[in-house]
Each structure stands twice: as structure tokens, then as C-alpha cells.
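S.K.: Once you've had a glance at the structure underneath, I'll fire off some questions.
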Amino acid sequence: MTNSWNDIKNTDLVLVMGGNAAEAHPCGFKWVVEAKANNGAKLIVVDPRFTRTAAVADVYAPIRPGTDIAFLSGVMRYLLGNNKIHQEYTKAYTNASYLVKPGFKFEDGLFSGFDEGRKAYVDRSGWDYEFDEQGMAKVDETLQDPRCVINLLKAHVERYTPEMVERICGTPKDKFLKICEMIGTTSTSDRTMTSMYALGWTQHTTGAQNIRSMAMIQLLLGNMGMPGGGVNALRGHSNVQGITDLALLSTSTPGYLVLPTEKETTYADYMKSRAFKPIRPGQTSFWQNYGKFFVSQQKSFFGAAATKDNDWAYDYLPKFDVGYDTLKIVDMMAAGQMNGLFCQGLNLMMAAPNKTKVQAGLSKLKWLVVIDPLETETARFWENHGEFNNVDPKAIQTEVIVLPTTTFAEDEGSATNSSRVIMWHWKAAEGPGEVRSDMEIMSDLFSRLKTAYAKDGGAFPDPILNLTWNYSNPHNPDAAEVLKEINGYAVEDVPDPADPSKLLLRAGQLLPNFGVMRDDGKTSGGCWIYTGVYTEAGNMSMRRDASDPTGKGVFPNWGFAWPANRRVLYNRASADPNGKPWSERKKYVWWNGSRWTGPDVPDYAPTVAPDKAVGPFIMNPEGTARLFARAAMPDGPFPEHYEPMDAYIANPLHPKVTTNPVVRVFAADANAFGKPDKFPIVATSYRLTEHFHYWTKNAHANAVLQPELFVEMGERLAAAKGVKDGDWVEVTSQRGSIKAKACVTKRLRPIMVDGKPCDVLGVPIHYGFIGLTRKAHPMNVLTPPVGDASVQTPEYKAFLVDVKKTTPPAQSPAVA
Amino acid sequence: MATMQSLDIRRRSASTEVPPQVRQSAIQVAKLIDVSKCIGCKACQAACLEWNDLKAPIGYTDGTYNNPTDLTPTSWTVMRFTEYEKGDDLEWLIRKDGCMHCDDPGCLKACPAPGAIVQYTNGIVDFVSENCIGCGYCVKGCPFNVPRISKVDRKAYKCTLCVDRVSVGQAPACAKACPTQAIYFGSKEDMIVHAEHRIADLKSRGFEKAGLYNPPGVGGTHVMYVLNHADKPSLYSGLPDDPRISPMVGLWKGVMKPISLAAIAFAGVFGFLHYITKGPNEVSDTDERKADDLAKGKGA
């Protein structure tokens, strides 16, 4: 989240699109209810299904799965065309006025620089600003130049008329325009809209661009950095925010630093592209501190072994050739390219798309280690569960080792929530039997590996042998010690740069903030954005002060929000260029004549006066936010509508480029995608509030509340197939088929897409063949093995199926 | 837990004794369920199962979101989902169903077992299992079709309004668990004031018929709803538009009672007269032999 859960109460308009907050985030949804009840806020829901969030919405509009960019681009067209943008904000705080290189083009569905053979934008040099001799981006303050970002954007979204939106999305034009009008009311200085999204936006081949579209809308409206504004990702798992911060992606290191590629063979090479010099006069370009964060991280990884002479142990880091995301791993397993797999806190058999492929891959492993508190389908992938998992155990030679772990309530540590607030949790109970915590298991594994490397050597034992492991009990580290290590400390005395006779930090002192980090090896810190969470004043994540002095939902002494305990990111933008709040009603951070002040920690140098004209988006070298993404995205500087890989129609905008042209498709999956002639129904997957992923099917109360898999279908489709409530149906995609009970509902009406009615079918994800709920076909049998072009999040939210009435599944044989 | 020892009893089923009269100032409590804030998440259902240690059986889906599909002896509250089409627009009406804790409780009136149903001075209606005879009259007496008779122990069960929590100053488990504050708990007076604010908000959003459900036919209830469509309660999965205690209960406890008592008295008098005119039943040797055979398992 750019803002926080609590901040939602400040909003005037909630747009839930690409998520289903009431069902998937019921506890956080209380803040929407609060905004409605006490701030007069309205709630808009745009979703393929009429969800439980829609049940309490003021306006609901249907949308065909996988067409969000068309909808949002249509919103941008409406805002730009009807002057419903925050003019001053857009001009001052975004790159609206920047001139784009003449090399940048968009024609017939492709941006400039596309290489047909490699299916990639190989030459992205045109996706940038024009620069002057000083290396500064050129701008046209009058916004008249047709090469200004704002004018290119206008031209780009011009095609997304309400008629086109209706044709692609199936959203009735009147509903669409009603929503545009409501969104447009928040372009004023005293009103804000919040965007709440989750996997409904990320799980598409255009996932990252879905979210960018909303970021652009919020920038046009002047809603970034504002109370009650922002683009807010609702995170699903407890601590999935934490794992993201600590390097979720295979190509990241903690704190959103980047793992070197195999081309960056030296530290100098690596840093060459990470200078982050400002490209507008006087800008902060905060990533200029990259080296300080990187070196401090290397010190935390490798301690004394990371020295200036060995480039801070740069050679110890693996250099990646390609990303090893889940889809890639499954593909490699299925191709027989892997011997073993550690599956920790992941039920791969249920969580990865195309269960058949996952099954085949696991069957080719020599060994599989499952580290989990629960019995999972992954640990039992080799068992025959009748038609729900119809395998021959005799034919599978994989050795499976299950290491039971404690659950979240049986160990202690910190978890980071969607609001970026790091909160400590204490152990509530001892785990059963022989369970050990994940940390204890990993420590044991590490100590055995280290012993083996020490004894036998190996090709390159140095990173393992020199890994820092300074815990009081190396076999079971205390979580507080780990959090201190992440926070960072001074390796040796650090003199005060202002007065070298004084000490800024003494050796061993915990770092108070990331501002003191250094690139000379004097500081250590595992994840720069977490610095400040554990200081000499104590463990900030343990703070539980429920007071909110200003009533703005800040709660400054509850836990610790990264970065720097800041609750709303980019909050400098809540004041105008002169430092005055845009409006009294949305007053948040402002210049008081000598410094920036307000209820929150300013996202800005605290004493830099407004007349210095330093932009509020300090992470960008231009100091402004980007309506035009430059070359940061692999699939274009502007979002563009592409059909899901199971394409329901030829793309009406450019039929020759129907799907995202730079999507990665593995050779093994060339025939994995369905066509509408055989699979004429659009399907989407989702979560039910009664269950949490694949865990709670093991919990009695949850199993009582939603005991069995079903699929939702509209009355028209059900009538056409002769299906009634509770009948068994078979749902088939190009990947396979499942059986489930039918839930016939008015909440899924056929929508008109490209002039013809389109039926949408929904399948919840939670059910499998292990647990207390009724045995079921894992629904990922149906989903396509392809991911977002930017980050490879699988496309679970839009695929094609067919459905027919069928007989109940044969009871599965008993399993020992 | 409720015997006549309790000072907090207002009414007791099938009893002529007058409950203790000293404590008269008890606050009337109420639970207010605001359907316009309810997201149907069933946290209340889970909390009810957990707090009351209910092991409801794991069922099957019937193709709706109603699970369990009905109130049972082990499911004292269930969410009921209704899809309501109003012109082009759809509303998904979600109502938490369970005991309404009527001020004039039909179950209590119908109950023939002394002390099996009590009403506390704060308004809560509770079943006292040790006194329950499992006759099911409470089921007939309830205008909301709430009590359920267990097949395991032949006792009647329903929501207690967490009387055990309320008596120590806690809100019911469902209210505590509700993430959106769709369930409020407090004095009935406060709940009515709170409801008025909510109704004003709903009216401002176009629900002109929004209102409070506190039906007078049962003397008002200690579980009330804020409804978007208060003019049509039955839209919400058959919530009674104008609930009243079945006339059969009045009949049974009113006119029928002296007639029944007379019939019982007549039966007694007839038996006595039969005894003195015909003498007692004699047990023959054949009867004894057959009985022995039956006891030893030989008999047919």
C-alpha cells in the first residue's frame, strides 16, 4: 500500500477493482465501512462477479476478466477529455510536461523497438525523454508540444471510447460513464479516491500494467500522497509483505535491491547502471544512495569477509541468467532438469498453475522436502486419491521428506502487513509433537551444509563458509537477533561527518535510520528499508500505542512502518508546490516556514524549503511521478489492452497483436492455451471469505462454513446446459477438467462483449484432496501456465473453459 | 444456570411462581444487526461455534453460500443469502439468522416444562437444558422458526445471546468477531439511537424505506435489524413481515388449558371408578413366564 489500512477512513470514494476486499480482507474492510458510515464515502465495485464487496457497494459494474486496462484507459480518456484532472498537481508533480524522444512510437499494438523473433522489445532506447547537453530531461511547461507526455497519453487513450470499453469489457456504457463521473469528482483538492486491489489485478499477463494504469489515474486526479488516496495493494498472506520486502523475486535482494546479472561480472559493472544521477535540476534522486544500502547488506551477509579489497564480497553473490520464478521452476522440473526441491510454506501442487504439469514435474524429482505445518497436497502428490489425484504411486520414485513446522502462533517474530507496518507477534502456544520452527530447520540445514563444505571443500565454498551467523544459539536463532541484523548496526565507530571529533555511531550501535548507512563498510544492515525497526530504544515492532493524536489514522507509535515509520508514501505531494496543503480538508504534510511538518513523517528532506523546487517523488531521478514509464516496464511505457492468453476475442484494437506480445511462453506449453471455439466461456478464479488459501480446509469451523467445491455460473448459462443449483458439472479447459457442484446465481449475468453475450464462470481455489472439507479436484488443473510479462505472476484470473452437466465423482479409495 | 435462585429472572416457563421482584432496574440489552454493513463473512458463525464449543458436522454445499444450510442444534446462527433483482439492479441481501430474543417470547409461552425456558430481566431468552423435556412446543411457539431439537439428547437448542458473556459485561461472541461492526451490542435504548443514524445514512444513499426491525407483534425483540428495505422484511430470506405468536399457543395455554385439565381429572376419576368397580388387573402365571422369556431374550 502507498497509504495504510487506517488511512482508508479518510477517503471520499473507494474503488474496489481487481480485488474483493470484503471477502478476501474482511478485517481491513472495516475501514471502508468506516469511511462510508462516518466520512460519507461512496463505494464502487468493478468485478466480473457480484461479490460480497458489491453487496455493500453504492455502485457495481460488471467487467470481463482480463480487460481492466481497457476500462482504466477509458477512465483516463474521460478524465483528460472532460478536464477532470488536477491540473496543477499533474503539471508540477508528474512528467506530464516532459518531451519524449521521436523514436517512441505505438502502432498496431506494438511499441517501438519490438523484435518479432525474440518476442521482446529489444530496443527500448526510444522509450525515454529528450535530454539537453547537461543530461537534463527537456520539458514544455506550456504542455503544447505534441511530444509532451500528457499529449502522447491523450493520443494513446483516445481509442478507449465508452463504446470501445463496452465492446471489450462488456461493461454497460451508462454504468461506465457513471463510474467515470464519480471518479472525476475526486480531481478537486478537497476530495480523494482510494484504490484497493489485490490478485484480481496482479494475476494477469498484463498484471503490472493494470496497477500502473491506476497509478496514472491517481496521479491525474492528484490523489497520490494524499490522505484517503493512493494505490493500495491488499496483501493476502500474513507477512507476504514481509517476504516481498526481504526479496520475494528470484532476481532481487532484500530492500528491493537487484541481484547482479551474469553480465555484471564486477562490482564496478554492477554499479555503472546504478548511479541514479538526477535528470532534472536540483532533484534528490534518492537511489543515489544505492551503494550504501548494497554495501551495508553485503556486510550483513558476509561480515568481515566483505572488504573494500574484494569489492564487498561481490563475487559471493550468485549472478542470474534468467529469473527462476515458480513457473520456471515447474517447467524445469517437468523437463527433468531438477533433482530436488525444497518446498517451504508453499503448497505447490495447489498454488502453481496447470496441476498436471506440476504433478509430472514433482514425479521427476529425486527428492522433495516439504516444510509445512500442515499435510499438503504437495507432500501427498504421489498418493492416489481416485479421480481427484489419479496417479500410480508405484510409478513415482520421488523420495518425499516432510519436516513439520510450527504455525505462526507457535513461534515469535515480526510480520509486515499491507500497510507496511512491521509488527511483532509473540508465541501463543507450543507446537505439537516434534515440530520445529522454520528458522530452526533452516539453521540446522545451514550448519550441516557448512560442516560439509568445511570438510569436503567444493567448487566455491567461500560464500557458505563466510556467511555471517552470529547468533547466541546458532542452531536456533532468536527472532529478535535476526530483526536486529536486518535493522543494521555500526561495524566500527562512525565519526560525525559534520564534526569528525564527535562520534555519530559507536561500534555495535544499532542504526537509528537508513540515512546513516555507509558504503565504506562501517555499517551493516540486511534490508535498508527496515532500518529503524530495532534501535537502541528497543524493538519498535513491539509498540502497541493505539493513540492517533491527529485523528488522521496515523497511529505513529503502533509498530513501525517502513520506510522511516512513514504511513503515507509521497506525502510531500499533499501540499502544493509552495508547501501549503492543497486544501484544509486534506491537510497532511506541509511547510511551516522552517520545516516540513504534519501528523506523519514527511517523505522528503525535512528542511528543504519549497522554493528549492525539489520534486515530491524523490526516488525518481526526475523528482516527479511517471505517467510515461520510460523503459522501466518490459511491455511498454503506457499500458495497453491485450487479451488474456486464453483470448476470448481477437483484440478489437489491433487484431494482429491480440495478446501481450512479450509474454514468456515455454516451448513445452506451446499448445497449452485454449480458443473460444472449443472453450466459449470466460472463467476466473477467486477466494471465499470462509477460507484462507489451502490451509483452513484443515480447520473444522472453516470446513463447516464452506464445506465443498462449487462453481458459480449465471442463470442463462445454467439454463443452456440444463444445470440446476447443486447439480454436478464438469468444467474443462485446454489444460484439463474438474468436477464440482453448480452454484447457479443471478450475480453472474451474461455481458455483451464485441456484440455477443459472454458467460462468465467462477471457481474458488480452496479445495483439494487433503483436509476436512469434501475431497475435490484442485482447480489449478484448469489454469494456464503463463505469467505477467513483468514479474511472472500466473494468469489465474482469466481463462477459457467449457462446462457440461455430469455425474458425481466416484468415491476415492481409502488412503492409509 | 437459571433456577429460581437467580435474581435476574423475569419469566419462567410453565410456572405460576412469581420470580424475585427486588431487581427491577436491569438494563434491557439488544443486539443490532446492520444488514447494510454486513459482508456475509460468517465470522459471527465461526465465533459462535468456537465460543459455544459446537461441533457442527461438515456438510455439503447445495449450490448456495448458505452453509450450514439451516439452523441446527449445533449451528445457532447462520447467514442467509438472497439475490434480489430490482429492475436492472441486483442486491445481495445477507441476513444473519438466529434467535430474536422476543420481549414476548412465544417459545417460553408454549413451553410446558417448568423452568425450561427463562427470560432474564435484561430481556435475554434462554433455554435451561436440565428442565427441557424435548417436546418441541417451543418450535411451534416461535414465530421465527428458530429452536431446533437435538436428535442426540432430545433437548432444544438456540442462540443464548451469549448470556454467559453478557452476564460478565462482555458482548456476545458474534458481535466481538464482526469485522465491520455490522453487529452492535448494548442497551436497547442505545441501539435504537444508533440505528437511527444508520437509517439516515441509508436514506441519503437512496434507500428510502430503510428502517429498524423491532416487531411489535412479539413485544419488540432484543435482536433487531437495520434493513435497507424495512417495508419488506420478507425479502431477507423470509424474515416475517409481522411476526406473532401462533394462536395455537394462546389456545393451548388459554381456553384449552382448563379443558385439558378437566380431561385429565376426568381420566383420573374414571380410572378410580374403574378400579373400585372392576378391581385391579391380575397377572397370570402365563404372563410371568412370557415376561421371563422376553427378559432372557427367548421371546418373540
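Read-outs: derived from the displayed coordinates by stated rules, not from any lab. In this text the structure is predicted, and so the values were computed from the model without any measurement. Cβ atoms come from the backbone with ideal geometry, glycine included; neighbour counts cover every protein chain shown.
S.K.: What is the mean number of Cβ atoms from other protein chains located within 10 Å of the Cβ atom of each residue in peptide B:71-82, rounded to a whole number?
M.R.: 1
S.K.: Give me the inter-chain shielding for A:744-750: mean count of other chain Cβ atoms within 10 Å, whole number please.
M.R.: Average neighbour count from other chains, rounded to a whole number: 3.
S.K.: Right, something else. By per-residue mean of other Cβ atoms within 10 Å, what is the highest-first order of A:577-588, A:284-295, A:212-223?
M.R.: Sorting A:577-588, A:284-295, A:212-223 by mean packing, highest first, produces A:212-223, A:284-295, A:577-588.
S.K.: With θ set to phi - 60°, apply the Karplus curve 6.51 cos²θ - 1.76 cosθ + 1.60 along the stretch A:248-253 and write out the HN-Hα couplings as whole Hz, x wherever there is a Gly or Pro.
M.R.: For the stretch A:248-253, the Karplus-derived couplings read 6, 7, 5, 9, 10, 10 Hz, x marking Gly and Pro.
S.K.: Let me ask something else. For A:GLU158 and A:SER125, FRET efficiency with R0 = 25 Å and r from the beta-carbon atoms, rounded to 0.05?
M.R.: According to the calculation, E is roughly 0.45.
S.K.: Still on this structure: Once label points are set 7 Å from the Cα along Cα→Cβ at both A:GLU492 and A:GLU399, what is their separation, rounded to one decimal in nm?
M.R.: Placing both labels 7 Å along Cα→Cβ, they lie 4.8 nm apart.
S.K.: May I pose another question? For a quick protection proxy, order the peptides A:771-778, A:601-608, B:106-113, A:385-392 by their average other-Cβ count within 10 Å, most packed first.
M.R.: The densest-packed peptide leads the list: B:106-113, A:771-778, A:601-608, A:385-392.
S.K.: Sticking with this structure for a sec: Could you please report the charge total around A:SER419, scoring K, R as +1 and D, E as -1 over all other residues with beta-carbon less than 10 angstrom from its beta-carbon?
M.R.: Every neighbour counted, the sum reads +2.
S.K.: Compute the Cα gyration tensor for the stretch B:255-295, then decide on rounded, prolate or oblate, letting a ≥ b ≥ c be the square roots of its eigenvalues: rounded whenever a/c is under 1.5, prolate when a/b is larger than b/c in the other cases, and oblate in all that remain.
M.R.: Since a/c reaches 1.5 but b/c is at least a/b, the shape of the stretch B:255-295 is classed as oblate.
S.K.: I've got another one for you. Given the peptides A:656-662, A:537-543, arrange them by the average over their residues of other C-beta atoms within 10 Å, most packed first.
M.R.: With the highest mean Cβ count within 10 Å placed first, the list reads A:656-662, A:537-543.
S.K.: Further, regarding this structure: So the label point goes 7 Å from the Cα of B:MET248 along Cα→C-beta, right? Which residues of the stretch B:115-140 then have their backbone N under 15 Å from it?
M.R.: Residues B:135-140 fall inside that zone.
S.K.: Let me ask another. Obtain the nm distance between the two label points defined at B:ASP70 and B:LYS296 by a simple spin-label model: each point lies 7 Å from its Cα along the Cα-to-C-beta direction.
M.R.: Going from the B:ASP70 label point to the B:LYS296 one covers 4.8 nm.
S.K.: Something else: Over 20 Å between C-alpha atoms is what I'm after, so list which of A:LYS30/A:LYS84; A:LYS724/B:LYS232; A:LYS119/A:LYS797; B:LYS109/B:LYS257; A:LYS552/B:LYS176 land there.
M.R.: A:LYS30/A:LYS84; A:LYS724/B:LYS232; A:LYS119/A:LYS797; A:LYS552/B:LYS176
S.K.: Would you mind classifying the stretch A:667-805 by shape? Square roots of the alpha carbon gyration tensor eigenvalues, ordered a ≥ b ≥ c; an a/c under 1.5 is rounded, otherwise it is prolate if a/b is larger than b/c and oblate if not.
M.R.: Oblate, because a/c is 1.5 or more while a/b does not exceed b/c.
S.K.: Expressed as a whole number of Å, what is the distance separating the alpha-carbon centroids of the stretch A:401-465 and the stretch B:52-78?
M.R.: Going from one Cα centre to the other spans 39 Å.
S.K.: Relative contact order for chain A using alpha-carbon pairs under 8 Å, separation at least 6, rounded to a whole percent?
M.R.: 17
S.K.: Sticking with this one: At R0 = 22 Å, how high is the FRET efficiency between A:ALA546 and A:ALA428 if r is their beta carbon distance? Nearest 0.05 is fine.
M.R.: The computed FRET efficiency comes out at 0.65.
S.K.: Where in chain A are the DSSP H helices whose C-alpha atoms run 24 Å or more along the long axis and whose mean Kyte hydropathy is at least -1.0?
M.R.: Long hydrophobic helices here: A:438-456.
S.K.: In addition: Give the shape of the stretch B:185-300 as rounded, prolate or oblate, defined through the alpha-carbon gyration tensor: a ≥ b ≥ c are the square roots of its eigenvalues, a/c under 1.5 means rounded, and otherwise the shape is prolate if a/b is larger than b/c and oblate if not.
M.R.: prolate
S.K.: Continuing with the same structure: Are there any helices in chain B, counted as whole DSSP H runs, that stretch 30 Å or more along their axis by Cα and score at least 0.0 on average by Kyte-Doolittle, and if so which?
M.R.: Qualifying helices: B:256-278.
S.K.: Let me ask another. Between the alpha-carbon centers of the stretch B:154-230 and the stretch A:156-187, tell me the distance in whole angstrom.
M.R.: Cα centroid to Cα centroid, the span is 39 Å.
S.K.: Which value in nm describes the separation of the simple spin-label points at B:ASP89 and A:PHE408, placed 7 Å from the Cα toward the beta carbon?
M.R.: My value for the distance between the label points is 3.7 nm.
S.K.: What pairs in A:LYS357/A:LYS656; B:LYS55/B:LYS151; A:LYS91/A:LYS580 have C-alpha atoms more than 22 Å from each other?
M.R.: Long pairs (Cα-Cα over 22 Å): A:LYS357/A:LYS656.
S.K.: What does the structure give for A:20-29 when I average, per residue, the other chain Cβ atoms found within 10 Å of the residue Cβ?
M.R.: 3
S.K.: Right, here's the next one. Run the helix sum for the protein assembly as shown: -39,500 (n - 2.57) per DSSP H stretch of 4+ residues, divided by residue count, reported at 222 nm to the nearest 500 deg cm²/dmol.
M.R.: About -6500 deg cm²/dmol.
S.K.: Let me check against my output: what whole-number percent is the relative contact order of the stretch A:508-619, with C-alpha pairs under 8 Å and at least 6 apart?
M.R.: 18
S.K.: B:ARG289 to B:ALA267: FRET efficiency via 1/(1 + (r/R0)^6), r the Cβ-Cβ distance, R0 35 Å, to the nearest 0.05?
M.R.: The computed FRET efficiency comes out at 0.65.
S.K.: On to the next question. Starting at the first residue of the stretch B:209-224, write each ³J(HN,Hα) from the Karplus equation 6.51 cos²θ - 1.76 cosθ + 1.60 with θ = phi - 60°, in whole Hz, x for Gly and Pro.
M.R.: These are the phi-based 3J(HN,Hα) values: 9, 4, x, 9, 9, 8, x, x, x, 10, x, x, 10, 9, 10, 10 Hz.
S.K.: Let me ask something else about it. So for chain B, averaging the separation of alpha carbon pairs under 8 Å that are six or more residues apart and normalising by length, what relative contact order in percent results?
M.R.: So the answer I get is 22 percent.
S.K.: What residues qualify as long-range amide H neighbours of A:VAL711, i.e. H under 5 Å apart, gap of 5 or more or another chain, H built at 1.01 Å from N?
M.R.: Answer set, sorted by chain and number: A:LYS741, A:ALA742, A:CYS743.
S.K.: In addition: Taking θ as phi - 60°, what are the ³J(HN,Hα) couplings along the stretch A:106-116 by the Karplus curve (6.51, -1.76, 1.60), each to the nearest whole Hz, with x for Gly and Pro?
M.R.: Along the stretch A:106-116, the couplings run 9, 9, 6, x, 10, 7, 5, x, 7, 10, 4 Hz.
S.K.: Let me ask something else about it. Please list, in chain and number order, the residues 5+ apart from A:TYR534 or on another chain whose amide H is under 5 Å from its amide H, with Hs placed from the backbone.
M.R.: A:MET540
S.K.: Tell me, how many Å apart are the Cα centres for the stretch A:694-771 and for the stretch A:782-805?
M.R.: 16
S.K.: Hey, another quick one. Scan around B:ASP97 for amide H atoms under 5 Å from its own, H built in the peptide plane at 1.01 Å from N, and keep only partners 5 or more places away or cross-chain.
M.R.: B:VAL78, B:MET79, B:ARG80
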